[in-house]
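Written below as structure tokens is the structure these notes are about.
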Amino acid sequence: MSSLLERARTALAGQFEVTRELGRGGMGAVMLARDVELDRLVAIKVLPPELAAHTELRERFLRETRTAASFSHPNIVSIYDVEQVDGLFCLIMQYVEGETLTQRVRRAGPLSAPEAVRLFEETGWALAYAHGRGVVHRDIKPDNILIDRATGRALVTDFGVARTETAPDGLTRIGEVVGTPQFMSPEQAAGEALDGRSDLYALGVVGFFALTGRLPFEAPTTQALLAMHLTRPPPPVGSLRTDIPHDLCAVVDRCLAKAPEARFAGGEALVTAVEALRIAQPAVAPAVRNFHQQANQGVRMALFLAFLGLGVIPGGGGGDQIIWSAFLLAGIWGLLQSFYHRARFLLRQGFSFPDVRDGFRVIAEEGAAARQQLRNSENDILRHRSRMRVAVVTGLLGVAMGMFASVFLRTRSPTTGNYSTTTIGLLTVVAAAIMISLALVSFLTDPVREPRLERLTAWIWRSAFGQTFFRLAGRGVNGAATGSGARSARPDALSMPTIASGLISGLPTRLRRRMEQTRKRVAALEHDAADLHRRERNLEGALAEATTTISGDPALLADRRAGIVAEMEAAKSGAATDRAAILQRLEGVRLQLIRLRSGLGTPEEVEAELP
């Protein structure tokens, strides 16, 4: 491989500065280089000379260039040019600073549910784009999905075995299996005609691997693997990841259906199903999430002040006790005042105590899901560290207790009102105290355990104390909704994916001025979503009243009530449908705004998401 690297450096000298090899696949080696003229990093895929000598393989390599170079999509690696120099075929590609999906899972363990949803969305977009142009990838696998380090964006690469409508059978040699057996669809393994649904099966295998860290089928030979894809049903993802939402597991399982007609009809249908999952996922408003962070800091400060008071006040004299008591009481009063103003700020923004309570619950669920993901991780390093942490904590506590017992039984002696010990005994107690402190820090920072302080914070602010505190803070705030049954005046603090108009406000000044009309249209959509949300809540209350028992002729009242309930149910269902459609449009705007902020999108693409 070093000789191929040197040959590439020599052949491309003057145009590209080839620095190092990035990886190797069945169709050649990929190297990192700098485009001298444009002063940008590129990836160069080099077809080895011994393979370039074969006409069929050379034709496949050139076909990859023609196919992929025609694509222009943010989730497909761009092809810039092809060079044929000194017997080398070199494909000049976009360089993605990041890692493959395989490397990501091996490094950090299986993906969380939100990460998997994003992976399906972005890969689904790329496949829908390719399928719409008559191209089937035929080799979708984790090694061919790159994760950009800066943005987390997924990009599909390597269309080297892609099938086009002009070359339906591909370029294969006798006995050659095109693609990777672990990710082949049943129809591809059987050599049957393919369409885009074959790529969706492979994406299902990729999703299975991304969520579990393992493959649905493993066998020692290619023939055995292909037979399993053809005949054996894969294990349900939900049986291996109990923390993953059922609907997401259903998406993976549907992609892995043996019959193509049982899968999604295409990439667009897959993306639609996954986008519905994203919209259904509760998202905590930034203001509520910020209050949660500040609440955790406040509890830490309160515990520190309490610990300081217990350690200092009892041992001081009269004057010292007055000074330290005043210091601690002032600190506690300052904390209460700070949270009082923060609560009033939330209430003025239209949030209520139920929003804060539900937000704390969702944040706790997010943390629990992240810890469950770590527990399910196949990362050997993580498991080793976890076992080492338990061993270290147990060992330090055991040794420390032994040291204290030794000093207590052997080296201490009573004095007036206290005990004294030898220098060795003092050093032993100090060493034991250090060990206990290290053990406690190691235990409290264990990533797979729920932080005790966060649990305490959630309990305080979700309890009657939090409700009472918000009720007091809401005095004098116009329209404040603080009761346990009250709802926020905002569109929906949990179901709204994000406030898209806020993203526009964060754009550079030039773009922000250019998109002022877009911001107004987005704000109007958000206002409509808020109105529909209030209408749903009002109809819920009216339905509750309509179903209660009232006096009068039972038969007439029953008929009248049934008609009223049916009308209100229909109205409520219609409001919910309309609001879901608006939220979906706002989510599309949000995604396009993120692309715009990362330099990938345009204002026109944002406006295209609006009605």
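Tally the residues that are charged (D, E, K, R), surrounded by fewer than 20 Cβ atoms within 10 Å (Cβ to Cβ) and closer than 29 Å to residue 246 by Cβ, restricting the search to segment 94-120. Reasoning before the result, please.
Just the residues of segment 94-120 that are charged (D, E, K, R), to begin with: 97, 99, 104, 106-107, 115, 118.
After this cut, where a residue has to be surrounded by fewer than 20 Cβ atoms within 10 Å (Cβ to Cβ) as well, the list is 97, 99, 106-107, 115, 118.
If we keep only those that are closer than 29 Å to residue 246 by Cβ as well, we get 106-107, 115, 118.
Going through segment 94-120 one residue at a time, the tally reaches 4.
May I ask you to verify whether residue 437 is small (Gly, Ala, Ser) and either more than 30 Å from residue 342 (Cβ to Cβ) or at pLDDT 70 or above (or both)? Write out each step before concluding.
Working: small (Gly, Ala, Ser): yes; either more than 30 Å from residue 342 (Cβ to Cβ) or at pLDDT 70 or above (or both): yes.
It is true that residue 437 is small (Gly, Ala, Ser) and either more than 30 Å from residue 342 (Cβ to Cβ) or at pLDDT 70 or above (or both).
Please enumerate the residues belonging to segment 200-224 that are over 23 Å from the mean Cα position of the chain (by Cα) and either modelled with pLDDT of 95 or more or outside any helix (DSSP H, G or I) (or both). Steps first, answer last, please.
Taking segment 200-224 as the starting set, the residues that turn out to be over 23 Å from the mean Cα position of the chain (by Cα) are 217-224.
217, 218, 219, 220, 221, listed by residue number.
Run residue 601 past the list (1) at pLDDT 70 or above; (2) surrounded by 11 or more Cβ atoms within 10 Å (Cβ to Cβ); (3) assigned to a helix (DSSP H, G or I) and report the number of the one that doesn't hold.
Of (1) at pLDDT 70 or above; (2) surrounded by 11 or more Cβ atoms within 10 Å (Cβ to Cβ); (3) assigned to a helix (DSSP H, G or I), only one is false for residue 601: (3).
Just checking, how many residues over segment 155-166 are buried (at least 24 other Cβ atoms within 10 Å of the Cβ) and either out of contact with any helix residue (DSSP H, G or I) (no Cβ under 7 Å at 6 or more places or on another chain) or modelled with pLDDT of 90 or more (or both)?
Within segment 155-166, residues that are buried (at least 24 other Cβ atoms within 10 Å of the Cβ) and either out of contact with any helix residue (DSSP H, G or I) (no Cβ under 7 Å at 6 or more places or on another chain) or modelled with pLDDT of 90 or more (or both) number 2.
Test residue 257 against the criterion of being crowded, with 18+ Cβ neighbours inside 10 Å, outside any helix (DSSP H, G or I) and assigned by TED's automatic domain parsing to the domain that holds residue 274, and give yes or no.
Values: crowded, with 18+ Cβ neighbours inside 10 Å: yes; outside any helix (DSSP H, G or I): yes; assigned by TED's automatic domain parsing to the domain that holds residue 274: yes.
Taking the combined requirement at face value, the residue satisfies it.
Considering each of 202, 224, 219, 269 in turn, give the residue that is free of Cβ contacts under 8 Å to residues at least 12 places away in the same chain, within 13 Å of residue 184 (Cα to Cα) and either surrounded by 15 or more Cβ atoms within 10 Å (Cβ to Cβ) or not assigned by TED's automatic domain parsing to the domain that holds residue 349 (or both).
Numbers: 202 fails: free of Cβ contacts under 8 Å to residues at least 12 places away in the same chain; 219 fails: within 13 Å of residue 184 (Cα to Cα); 269 fails: within 13 Å of residue 184 (Cα to Cα).
From the options 202, 224, 219, 269, the qualifying one is 224.
Cβ-Cβ distance below 7 Å, separation of 6 or more or different chains: which pairs start in segment 455-478 with a residue that is more than 21 Å from residue 366 (Cβ to Cβ) and end on one that is surrounded by 12 or more Cβ atoms within 10 Å (Cβ to Cβ) and at pLDDT 85 or above?
469/343; 470/343; 473/340; 473/343; 473/344; 477/344
Return yes when residue 476 is at positive phi and at pLDDT 70 or above and no when it is not.
On the way: at positive phi: yes; at pLDDT 70 or above: yes.
Considered against the rule, which asks whether it is at positive phi and at pLDDT 70 or above, residue 476 comes out as yes.
Scan segment 231-254 residue by residue and report those that are modelled with pLDDT of 90 or more, surrounded by 15 or more Cβ atoms within 10 Å (Cβ to Cβ) and in a helix (DSSP H, G or I). Spell out the reasoning first.
Of segment 231-254, the ones modelled with pLDDT of 90 or more are 231-237, 248-254.
Okay, now just the ones that are also surrounded by 15 or more Cβ atoms within 10 Å (Cβ to Cβ), so 234-237, 248-254.
Those that are modelled with pLDDT of 90 or more, surrounded by 15 or more Cβ atoms within 10 Å (Cβ to Cβ) and in a helix (DSSP H, G or I): 237, 248, 249, 250, 251, 252, 253, 254.
Can you tell me how many residues in segment 327-348 are more than 22 Å from residue 303 (Cα to Cα) and either of a type in the set (D, E, K, R) or buried (at least 17 other Cβ atoms within 10 Å of the Cβ) (or both)?
Number of matching residues: 4.
The values are calculated or read from the model by the stated rules, or taken from the named source; none is laboratory data. Treat the numbers as computed from the prediction; the structure is a model and nothing was measured. Methodologically, a virtual Cβ is constructed for each residue, glycine included, from the backbone with ideal geometry; neighbour enumeration extends over all protein chains shown.
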